[in-house]
């Protein structure tokens, strides 16, 4: 059976609707899953017209049972929150933030009730959703709240580079304080499980140090000795193949070279910078992005959530030039996770 994948449309003034139309226009998506967009039919209509895809039909629904799941027709779970003709691209507004938030909550609801097998999210504006009164740092925290999940982690993926974060959307000062044995151990376990779910039978997990040179035996900090190494030793006692702490400035070249299947990192930028360095490619001569690729997977949830690893790209919204590859890759990961979870 093909899994049903709910794809949120993202911020209405972003590239989300354009990417959704482009991705749903691909036949290979329908060969492997049953996708539907959770968003606004009116906004999707405007995006379809913008892209000149007259051969694509939109099917507005209010119940998953009414979806046709046929290539050439995009099923849209119509939330009826925004008029497409009123959209001002690239604008930060509470109206747009609330709509984007409601799309996410609906997708979570559909997954929790079993009406869909997995969810994929387009980008939201954190500023807009907070203006709308929804005080969350991002998708990950929304999913954790609405699924009542305490132990979760973000995994970013680009090809064979995978990173799992001990902390994400907190200050660097707070991130250092969050490096605790129990949290590091949980992230090692989640990273190991995630790799197995995508078909890596015996994953090798690397754990990055927090400090330069992984602390240099306490010369540059004690977190490695007091928190990270004890977590690694306990993970080993659970038969997890794990190495570290590896100095942060060498762990990623090793991972790219195939030494490790996944890297547990201590904070947001420690993982995001290397992944986006390889996944985001800008062509100076052409004055445009050649690639904006990467996938974000929330681990530890009772439902499956995969996301594009790029933002709203307000500067590209309404131009029809943004690439759908990250969204397509996200859907493919959602398919794989949903099949293995079953």
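Every read-out reported here was derived from the displayed coordinates using simple, explicitly stated rules and does not represent laboratory data. Bear in mind the structure is a predicted one, so any value in this text is a computation, not a measurement. Note that we place each Cβ from the backbone using ideal geometry, even for glycine, and neighbour counts take in every protein chain shown.
To check you understand DSSP bridge types, tell me what percent of the beta bridges within the chain (both residues inside) are antiparallel, rounded to 5.
Within the chain, antiparallel bridges account for around 35 percent of the total.
Checking a compactness column here: for the range 222-338, what do you get for Rg(Cα) / (2.2 N^0.38 Å), N being the number of residues?
In units of the 2.2 N^0.38 Å rule of thumb, it is 1.31.
Quick one: angle between helix 325-341 and the longest Cα principal axis of the chain, in degrees between 0 and 90, rounded to 10, please.
Helix 325-341 and the main axis of the chain meet at about 70 degrees.
Could you state the number of Å between the C-alpha centres of the range 21-50 and the range 157-207?
The range 157-207 and the range 21-50 have Cα centres spaced 32 Å from each other.
Quick one: among 54, 78, 309, which has the greatest mean-square fluctuation in a GNM of the chain with alpha-carbon springs under 10 angstrom?
Most flexible of the set in this elastic network: 54.
Tell me what the chain gives for mean residue ellipticity at 222 nm when only DSSP H runs of n ≥ 4 count, each as -39,500 (n - 2.57), the sum divided by the residue total, rounded to 500 deg cm²/dmol.
-11500 deg cm²/dmol
Where does each of 30, 260 land when they are ranked from fewest to most other beta-carbon atoms within 10 angstrom?
30, 260
Normalised by the residues of the range 153-275, what does the relative contact order come to in percent, with Cα pairs under 8 Å and at least six apart?
38 percent
Mean separation of Cα pairs under 8 Å and 6+ residues apart, divided by the residue count of the chain: what relative contact order is that in percent?
22 percent
Compute the distance in nm between two label points, each set 7 Å from the Cα along the Cα-to-Cβ direction, one at residue 225 and one at residue 193.
Here the modelled spin labels are 3.3 nm apart.
What's the extension gain from residue 27 to residue 91 if we count 0.36 nm per residue and subtract their Cα-Cα distance?
My answer for the length gained is 19.8 nm.
Just round it to a whole percent: the fraction of Cα-Cα distances in the range 153-275 exceeding 21 Å.
28 percent
So if R0 is 25 Å, what FRET efficiency would residue 341 and residue 109 give, r being the distance between their Cβ atoms, rounded to the nearest 0.05?
Plugging the Cβ-Cβ distance into 1/(1 + (r/R0)^6) gives 0.85.
Go ahead and run the numbers for FRET between residue 256 and residue 182, Cβ-Cβ distance against an R0 of 25 Å, rounding to 0.05.
Rounded to the nearest 0.05, the efficiency is 0.25.
Taking only Cα atoms and a 10 Å spring cutoff, compute GNM fluctuations for the chain and point out the largest among 252, 69, 41.
Of the options given, 69 has the highest mean-square fluctuation.
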